[in-house]
Amino acid sequence: MSLRDAFESGRFVVTSEVGPPKGTDVAEMLETAELLRGRVDALNVTDNQAAVMRLCTLAACVHLVNAGHEPVYQVTCRDRNRLAIQSDILGAASFGIANVLALTGDHVVVGDHPEAKAVFDLESVQLLEVIETLTKGTDFAGKELHGTPELYVGAVVTPDAVPVKPQLAKFEKKIEAGARYFQTQAVYDPESFKSFMELARHFDVKVLAGIVVLRSARMASFMNRNIPGITVPDALIAELEASEDPTRTGIEIAARFINDVRDVCDGVHIMAVGAEHLVPEVLEAAGLAQEVSA
Amino acid sequence: MIVVRQKPVEEICSMVARHRNVLLVGCNTCAAVALAGGEKEVDTLIELLKLTMRRKGETTEFSGCVLQRQCEPEFIEHLDDRVYDAILSLGCGAGVALLSESADKPVYPALDTLFIGASQGFASWRAECSACGKCVLGQTAGICPVTRCAKGILNGPCGGVNNGQCELGDRPCAWVEIYDRLETLERPEDFKEIIQPKDNSVKTTYNKLDLSGEGGAR
Ligand code: SF4
Ligand code: SF4
């Protein structure tokens, strides 16, 4: 079932992600995907995530499609201009890749080629407009396409950004520019997420709550200090600290969060960041394992 | 103004090392205001070069002068560089370029040209404009997103904004500043308008500007 159909069926959607390898060996990426087969509705494929050079997302998506998975092609604006981005998206669509997630992307200076030229010919809002144009049968310069891509287009939002007002105003711009669904940055406080969802519910878009499974109090504090837009509440850090099996506790925290918000949003996007084996456990703990594979 | 900064002395030395007699030429406009190309800086650099070269056992001679503006032909017309076999310019890139055009000897840059900026108080400047050729400041409350947002984003803050600071940690987030100022100006609705991707073709159109007569780019 396609991601769009999953959303439209009205059931609680689960997505996760895989990262392409640095190099040509895709075996491990495919193994990770295998671990998640039947448990998630779609797999995001990151695009030189954190500005670290890796095998190209498009090729990784093709590997996944060939293996019978439903990938979400993440497209950032950091490395390619509007010509390259459009031609890659057409290429992806020609391989049957139906989902695109539009991102601005991390700056090159945070990555492993900090001296590279950062492109940013477009940014997320404009990229969404460009994709919308393609799906209507013309390129961004107005020229007709020979074969129109059918794409289900997503974007991201950071509900806990500080300050949050400009972030939410941009969220609305992304909707206007053609985003049909959103996945959020990792969120941990159900109440604050619910207030974000009150705003989001004014719009005809699907929202996946972002989940990063905490594995230790240290990891939680690290994220609070170093990852903008993520706030792990002190109570959760204390819970992890007191735990004898922090990984287990992290899984329970994620499952609890999912159950707290499952009535207000359309699904969850679980970012495993190197611990994909935990995703099935989270789904099981949240009582979702059955539903998704059904 | 054009904001410039002196190159490391070692780099300058390696450029001029093969010459006998070098003329340092300052620029009394932007470069002087940027504390890098005025009379004082020319004198100081001469002393520094002499010292460094002597330590290396080189015998290169250095003298200096300051032009009012290196980027205008009438100011460099009267430069008397006959006895020198190289020029070291303490002007911006445009100054170096114009000097090179009229001189019959190599002209080297003593400065790196950094940005178009404005003063932030004593000896401090901030990049304000990247000469993109199609100004959007009217929609962004006078704060340039092309220049002051690290990614040149035109439609609002990225997810990296961190307590109002840019994710790179080296500046306030331009988009938080734009949003705040639009609110102060009671024009928050301006934020909602989607700014289209930049027309980068103007960068090729405006490789020159000639208003002098026919073919003038207006
Ligand atoms: S938008 Fe920015 S870079 Fe472009 S002309 Fe205006 S101030 Fe300069
Ligand atoms: S944090 Fe703000 S200034 Fe920095 S790249 Fe993002 S939008 Fe631009």
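The values are calculated or read from the model by the stated rules, or taken from the named source; none is laboratory data. Bear in mind that the values here come from a model prediction, so they are computed numbers and not experimental data. Neighbour counts are summed over all protein chains in view; Cβ atoms, including those assigned to glycine, are modelled from backbone coordinates with ideal geometry. The area values use the complete protein model at the heavy-atom level, side chains included, leaving out ligands, DNA and RNA. Shrake-Rupley method; radii C 1.70, N 1.55, O 1.52, S 1.80 Å.
Just a few scattered comments:
- Per the accessible-area calculation with a 1.4 Å probe, the total area buried between chain B and chain A rounds to 2400 Å².
- Rg/Rg_ref, segment B:130-194, where Rg_ref = 2.2 N^0.38 Å and atoms are Cα: 1.04
- Links that overshoot a 31 Å alpha carbon limit, given the list A:LYS136/B:LYS208; A:LYS117/A:LYS143; A:LYS143/B:LYS151; B:LYS40/B:LYS105; A:LYS165/B:LYS134: A:LYS136/B:LYS208
- Length-normalised contact order of chain A in % [C-alpha pairs under 8 Å, at least 6 apart]: 18 percent
- Loop-located chymotrypsin sites (Phe, Trp or Tyr not before Pro) in segment B:87-190, at most 16 other Cβ atoms within 10 Å (DSSP): B:PHE122
- Among A:THR148, A:LEU199, A:ALA33 the positive-end extreme of the charge dipole of the protein assembly as shown (Cβ point charges): A:THR148
- Fraction of antiparallel bridges per DSSP, the protein assembly as shown only, in percent to nearest 5: 20 percent
- The longest stretch of chain A left intact once loop-based trypsin sites (Lys or Arg not before Pro) with at most 15 other Cβ atoms within 10 Å are removed from consideration, loops following DSSP, is A:202-294.
- Rounded to 10°, Cα long-axis angle of helix A:217-226 versus longest principal axis of chain A: 40 degrees
- Normalising the average separation of contacting C-alpha pairs (under 8 angstrom, six or more residues apart) by the number of residues puts the relative contact order of segment B:24-105 at 37 percent.
- MRE, 222 nm, helices only [DSSP H, n ≥ 4, -39500 (n - 2.57), over chain B, to nearest 500]: -8000 deg cm²/dmol
- Of the residues A:LEU168, B:LEU185, B:LEU209, ranked by 1.4 Å probe accessible area with the largest first, the sequence reads B:LEU209, B:LEU185, A:LEU168.
- Vicinal HN-Hα couplings computed from phi for segment A:112-123 (Karplus, 6.51 cos²θ - 1.76 cosθ + 1.60; Hz; Gly/Pro x): 9, 10, x, 8, 5, 7, 7, 7, 6, 5, 10, 9
- Degrees between helix B:39-55 axis and first principal axis of chain B (Cα, 0 to 90, nearest 10): 60 degrees
- Put a plus charge on the Cβ of each Lys and Arg, a minus charge on the Cβ of each Asp and Glu, and nothing anywhere else: the dipole of segment B:2-115 about its Cα centre is then about 460 debye.
- Inter-part distance where segment A:42-117 and segment A:172-203 are each reduced to a Cα centre, Å: 23 Å
- Against chain A, whose longest principal axis comes from its Cα atoms, helix A:165-176 is set at around 50 degrees.
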